[in-house]
Amino acid sequence: MSEEWNEQELMDYIKKETELAEAAIRLVLKHEQAFMGKAKENAHGEVEIDSDELVDYIMSRSDVKLNELEVESVLDAEMDFFMDKGMAGYID
């Protein structure tokens, strides 16, 4: 069974891993949610996200001032957090 988590715990984890400002992290995660909200579920109810397309989408937003490496580091840290909690994983 997966552990519980809260938003501040996620923010603290990503800030520690990336050393970026919380406002920048929140902006990346907001655009990630918008992108994922448009994604279609497969027959198993799962959403497969192409990380390159996600990064390109976030980088194309006019309010994102981070570079590509910083955006990727936020997304990687978020994924690491959820994998540590047993709530996410990669598809081979």
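The values are calculated or read from the model by the stated rules, or taken from the named source; none is laboratory data. Please read these numbers as outputs of a predicted model, since none were measured by experiment. Positions of Cβ are backbone-derived with ideal geometry, glycine not excepted, and every protein chain shown enters the neighbour counts. All accessible areas refer to the heavy atoms of the entire protein, side chains included, with ligands and DNA or RNA removed. Shrake-Rupley method; radii C 1.70, N 1.55, O 1.52, S 1.80 Å.
Considering (1) open to solvent by 80 Å² or more (accessible area, probe 1.4 Å); (2) in contact (Cβ under 8 Å) with a residue 40 or more places away in the chain; (3) hydroxyl-bearing (S, T, Y), the lone condition that Y13 does not fulfil carries the number (1). Within segment 51-92, restricting attention to residues that are open to solvent by 70 Å² or more (accessible area, probe 1.4 Å) and among the acidic types (D, E), the residue that is nearest to W5 (Cα to Cα) is D84.
Just the residues that are charged (D, E, K, R) and either in contact (Cβ under 8 Å) with a residue 40 or more places away in the chain or within 18 Å of T18 (Cα to Cα) (or both), please, taken from segment 47-92. Residues satisfying the conditions are E48, K65, E68, E70, E72, D76, E78, D80, D84, K85.
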